[in-house]
Amino acid sequence: MELVKLIGILIVIIGFALKLDSILIILVAAVVTAITGGLGVEGLLTTLGTSFVSNRSMAIFILIMLVTGTLERNGLKESAAKLIGKIKNASAGAVIGAYGVMRSIFAAFNISFGGVAGFVRPIIMPMVIGSIEAKGKEPEEDYVEELKGMSSGMENIAWFFFQVLFVGGPGALLVQATLKDLGYETSLLDLAKVEIPVALFAVIVAIVYYFLKDRKLYKKYYGNNK
(Lines give C-alpha, C1' and ligand atoms only; values in the text may rest on other atoms or scores of the structure.)
Protein backbone atom coordinates (compact mmCIF):
# COMPACT_ATOMS: atom_id res chain seq x y z
CA MET A 1 0.00 0.00 0.00
CA GLU A 2 2.93 2.31 0.58
CA LEU A 3 3.67 2.22 -3.17
CA VAL A 4 0.25 3.74 -3.87
CA LYS A 5 1.46 6.97 -2.27
CA LEU A 6 4.06 7.26 -5.04
CA ILE A 7 1.48 7.28 -7.82
CA GLY A 8 1.88 11.05 -8.09
CA ILE A 9 5.45 10.56 -9.32
CA LEU A 10 4.19 8.11 -11.94
CA ILE A 11 1.64 10.67 -13.13
CA VAL A 12 4.36 13.29 -13.53
CA ILE A 13 6.62 10.92 -15.48
CA ILE A 14 3.85 9.77 -17.83
CA GLY A 15 2.51 13.30 -18.27
CA PHE A 16 5.89 14.75 -19.20
CA ALA A 17 6.62 11.78 -21.46
CA LEU A 18 3.38 12.45 -23.34
CA LYS A 19 4.16 16.18 -23.39
CA LEU A 20 0.88 17.15 -21.74
CA ASP A 21 0.22 20.50 -20.05
CA SER A 22 2.87 20.86 -17.30
CA ILE A 23 0.76 22.83 -14.84
CA LEU A 24 -2.16 20.42 -15.21
CA ILE A 25 0.13 17.42 -14.66
CA ILE A 26 1.58 18.86 -11.46
CA LEU A 27 -1.86 19.85 -10.18
CA VAL A 28 -3.30 16.39 -10.79
CA ALA A 29 -0.25 14.70 -9.25
CA ALA A 30 -0.54 16.93 -6.15
CA VAL A 31 -4.24 16.14 -5.66
CA VAL A 32 -3.75 12.38 -6.19
CA THR A 33 -0.76 12.30 -3.82
CA ALA A 34 -2.73 14.17 -1.15
CA ILE A 35 -5.65 11.74 -1.41
CA THR A 36 -3.58 8.53 -1.50
CA GLY A 37 -1.32 9.81 1.26
CA GLY A 38 -4.23 10.42 3.62
CA LEU A 39 -3.89 14.20 3.56
CA GLY A 40 -7.22 14.75 1.84
CA VAL A 41 -8.43 17.76 -0.12
CA GLU A 42 -8.85 19.88 3.02
CA GLY A 43 -5.35 19.04 4.20
CA LEU A 44 -3.94 19.84 0.74
CA LEU A 45 -5.59 23.27 0.71
CA THR A 46 -4.35 23.96 4.25
CA THR A 47 -0.80 22.98 3.29
CA LEU A 48 -0.90 25.16 0.18
CA GLY A 49 -2.20 28.13 2.17
CA THR A 50 0.43 27.71 4.87
CA SER A 51 3.21 27.37 2.30
CA PHE A 52 1.99 30.47 0.48
CA VAL A 53 2.09 32.58 3.64
CA SER A 54 5.44 31.16 4.77
CA ASN A 55 7.09 31.74 1.38
CA ARG A 56 5.59 35.04 0.27
CA SER A 57 8.74 36.10 -1.57
CA MET A 58 8.64 32.98 -3.71
CA ALA A 59 4.92 33.50 -4.35
CA ILE A 60 5.59 37.10 -5.46
CA PHE A 61 8.34 35.84 -7.77
CA ILE A 62 5.90 33.39 -9.36
CA LEU A 63 3.31 36.14 -9.83
CA ILE A 64 5.93 38.38 -11.45
CA MET A 65 6.87 35.57 -13.82
CA LEU A 66 3.23 35.04 -14.77
CA VAL A 67 2.65 38.74 -15.40
CA THR A 68 5.88 39.05 -17.38
CA GLY A 69 5.00 36.01 -19.48
CA THR A 70 1.56 37.46 -20.26
CA LEU A 71 3.01 40.84 -21.23
CA GLU A 72 5.71 39.16 -23.31
CA ARG A 73 3.10 37.20 -25.25
CA ASN A 74 1.27 40.46 -25.97
CA GLY A 75 4.21 42.33 -27.45
CA LEU A 76 6.42 43.40 -24.53
CA LYS A 77 9.65 42.53 -26.36
CA GLU A 78 8.64 44.36 -29.51
CA SER A 79 7.61 47.47 -27.56
CA ALA A 80 10.91 47.55 -25.65
CA ALA A 81 12.89 47.21 -28.89
CA LYS A 82 10.92 50.00 -30.59
CA LEU A 83 11.42 52.29 -27.60
CA ILE A 84 15.20 52.03 -27.63
CA GLY A 85 15.21 52.28 -31.44
CA LYS A 86 13.84 55.83 -31.14
CA ILE A 87 16.85 56.97 -29.10
CA LYS A 88 19.57 58.26 -31.40
CA ASN A 89 23.04 56.68 -31.11
CA ALA A 90 21.98 54.36 -28.27
CA SER A 91 24.42 51.50 -27.83
CA ALA A 92 24.07 48.16 -26.08
CA GLY A 93 26.64 49.20 -23.48
CA ALA A 94 24.76 52.42 -22.78
CA VAL A 95 21.50 50.52 -22.31
CA ILE A 96 23.15 48.12 -19.88
CA GLY A 97 24.75 51.03 -18.02
CA ALA A 98 21.44 52.89 -17.75
CA TYR A 99 19.83 49.74 -16.40
CA GLY A 100 22.62 49.48 -13.83
CA VAL A 101 21.83 52.97 -12.53
CA MET A 102 18.09 52.29 -12.37
CA ARG A 103 18.61 48.86 -10.79
CA SER A 104 20.89 50.32 -8.12
CA ILE A 105 18.35 52.95 -7.08
CA PHE A 106 15.54 50.45 -6.70
CA ALA A 107 17.79 47.87 -5.04
CA ALA A 108 18.65 50.42 -2.36
CA PHE A 109 14.95 50.33 -1.44
CA ASN A 110 14.91 46.52 -1.65
CA ILE A 111 12.61 46.54 -4.69
CA SER A 112 13.06 43.57 -7.00
CA PHE A 113 11.90 43.32 -10.62
CA GLY A 114 12.20 39.56 -10.89
CA GLY A 115 15.89 39.39 -11.70
CA VAL A 116 17.37 38.02 -14.90
CA ALA A 117 14.37 35.86 -15.81
CA GLY A 118 11.68 38.37 -14.87
CA PHE A 119 13.16 41.61 -16.20
CA VAL A 120 16.50 41.33 -17.97
CA ARG A 121 15.41 38.69 -20.48
CA PRO A 122 11.99 40.10 -21.49
CA ILE A 123 12.78 43.83 -21.30
CA ILE A 124 16.48 44.72 -21.17
CA MET A 125 17.72 42.23 -23.77
CA PRO A 126 15.15 43.31 -26.42
CA MET A 127 16.25 46.90 -25.82
CA VAL A 128 19.89 45.88 -26.14
CA ILE A 129 19.20 44.02 -29.39
CA GLY A 130 17.02 46.92 -30.57
CA SER A 131 19.97 49.30 -30.15
CA ILE A 132 21.93 47.14 -32.60
CA GLU A 133 19.11 46.86 -35.12
CA ALA A 134 18.48 50.61 -34.94
CA LYS A 135 21.91 51.09 -36.53
CA GLY A 136 20.96 48.83 -39.42
CA LYS A 137 23.03 45.90 -38.16
CA GLU A 138 22.04 42.26 -37.89
CA PRO A 139 22.62 40.97 -34.31
CA GLU A 140 25.46 38.44 -34.35
CA GLU A 141 24.73 35.36 -32.23
CA ASP A 142 28.08 35.41 -30.41
CA TYR A 143 27.74 39.15 -29.76
CA VAL A 144 24.24 38.70 -28.34
CA GLU A 145 25.48 35.92 -26.04
CA GLU A 146 28.15 38.26 -24.71
CA LEU A 147 25.51 40.94 -24.12
CA LYS A 148 23.34 38.47 -22.23
CA GLY A 149 26.20 37.84 -19.83
CA MET A 150 26.87 41.55 -19.44
CA SER A 151 23.21 42.35 -18.73
CA SER A 152 22.97 39.54 -16.18
CA GLY A 153 26.22 40.66 -14.61
CA MET A 154 24.92 44.21 -14.20
CA GLU A 155 21.76 42.89 -12.56
CA ASN A 156 23.77 40.82 -10.07
CA ILE A 157 26.28 43.56 -9.23
CA ALA A 158 23.67 46.27 -8.69
CA TRP A 159 21.43 44.04 -6.60
CA PHE A 160 24.25 42.48 -4.56
CA PHE A 161 25.84 45.77 -3.47
CA PHE A 162 22.84 48.07 -3.20
CA GLN A 163 20.28 45.86 -1.48
CA VAL A 164 22.54 45.92 1.59
CA LEU A 165 21.84 49.66 1.86
CA PHE A 166 18.23 48.94 2.80
CA VAL A 167 18.12 49.13 6.59
CA GLY A 168 16.43 46.02 7.90
CA GLY A 169 16.83 44.08 4.66
CA PRO A 170 18.05 40.45 4.72
CA GLY A 171 21.49 41.40 3.35
CA ALA A 172 22.10 44.03 6.02
CA LEU A 173 20.86 41.72 8.77
CA LEU A 174 23.19 38.97 7.56
CA VAL A 175 26.20 41.30 7.65
CA GLN A 176 25.25 42.57 11.10
CA ALA A 177 24.84 39.03 12.45
CA THR A 178 28.17 37.95 10.96
CA LEU A 179 30.00 40.90 12.52
CA LYS A 180 28.30 40.23 15.86
CA ASP A 181 29.58 36.66 15.85
CA LEU A 182 33.06 38.07 15.28
CA GLY A 183 32.70 40.38 18.29
CA TYR A 184 31.75 43.62 16.51
CA GLU A 185 28.55 45.39 17.56
CA THR A 186 27.28 47.61 14.73
CA SER A 187 24.01 49.31 13.87
CA LEU A 188 22.26 48.81 10.55
CA LEU A 189 22.50 52.53 9.81
CA ASP A 190 26.27 52.52 10.30
CA LEU A 191 26.58 49.52 7.99
CA ALA A 192 24.59 51.32 5.31
CA LYS A 193 26.82 54.41 5.57
CA VAL A 194 29.95 52.30 5.16
CA GLU A 195 28.47 50.37 2.23
CA ILE A 196 27.43 53.44 0.19
CA PRO A 197 30.88 54.26 -1.28
CA VAL A 198 31.59 50.56 -1.84
CA ALA A 199 28.32 50.08 -3.74
CA LEU A 200 28.82 53.23 -5.83
CA PHE A 201 32.36 52.23 -6.74
CA ALA A 202 31.29 48.72 -7.71
CA VAL A 203 28.48 49.87 -10.00
CA ILE A 204 30.52 52.68 -11.60
CA VAL A 205 33.35 50.27 -12.37
CA ALA A 206 30.85 47.77 -13.81
CA ILE A 207 29.20 50.43 -16.01
CA VAL A 208 32.53 51.65 -17.38
CA TYR A 209 33.79 48.11 -17.90
CA TYR A 210 30.69 46.92 -19.75
CA PHE A 211 30.56 50.10 -21.85
CA LEU A 212 34.17 49.67 -22.98
CA LYS A 213 33.69 45.95 -23.51
CA ASP A 214 30.65 46.60 -25.68
CA ARG A 215 32.61 49.05 -27.84
CA LYS A 216 35.35 46.46 -28.27
CA LEU A 217 32.87 43.73 -29.18
CA TYR A 218 30.97 46.00 -31.56
CA LYS A 219 34.21 46.85 -33.36
CA LYS A 220 35.09 43.14 -33.50
CA TYR A 221 31.81 42.10 -35.13
CA TYR A 222 30.95 45.18 -37.20
CA GLY A 223 34.24 46.98 -37.75
CA ASN A 224 34.57 50.74 -37.34
CA ASN A 225 31.19 51.42 -38.97
CA LYS A 226 28.78 53.17 -36.62
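Return yes or no: is Ile124 touching a Ser or Thr at 6+ places or on another chain (Cβ under 6 Å), of a type outside the set (Lys, Arg), crowded, with 23+ Cβ neighbours inside 10 Å and in contact (Cβ under 8 Å) with a residue 24 or more places away in the chain? If you could, list the steps in order and put the result at the bottom.
Values: touching a Ser or Thr at 6+ places or on another chain (Cβ under 6 Å): yes; of a type outside the set (Lys, Arg): yes; crowded, with 23+ Cβ neighbours inside 10 Å: yes; in contact (Cβ under 8 Å) with a residue 24 or more places away in the chain: yes.
When the stated conditions are applied, Ile124 passes them.
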* Could you pull out every one of the helices (runs of 4 or more DSSP H) wholly within region 3-89 that has 2 or more residues that are modelled with pLDDT of 65 or more and in contact with a Leu (Cβ under 7 Å, 6 or more places away or on another chain)? => 22-36
* So Leu191 clears everything in (1) closer than 30 Å to Pro139 by Cβ; (2) free of Cβ contacts under 8 Å to residues at least 40 places away in the same chain; (3) surrounded by 18 or more Cβ atoms within 10 Å (Cβ to Cβ) except one condition, right? Which one? -> (1)
* Asked: In this structure, does Glu141 turn out to be at pLDDT 80 or above, surrounded by fewer than 16 Cβ atoms within 10 Å (Cβ to Cβ) and more than 17 Å from the chain's Cα centre (by Cα)?
  -> yes
* **Residues being surrounded by fewer than 20 Cβ atoms within 10 Å (Cβ to Cβ) and not in a loop (DSSP other than H, G, I, E, B) - total across region 103-117** => 5
* **Selection count, region 157-181, where residues are in contact (Cβ under 8 Å) with a residue 24 or more places away in the chain and surrounded by 17 or more Cβ atoms within 10 Å (Cβ to Cβ)** => 10
* For region 180-209, name all the residues that are among the small types (Gly, Ala, Ser) and more than 21 Å from Asn110 (Cβ to Cβ). => Gly183
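The values are calculated or read from the model by the stated rules, or taken from the named source; none is laboratory data. Keep in mind that this is a model prediction, so the values were computed, not measured. All Cβ positions, even for glycine, are placed from backbone atoms using ideal geometry, and neighbour counts span all protein chains on display.
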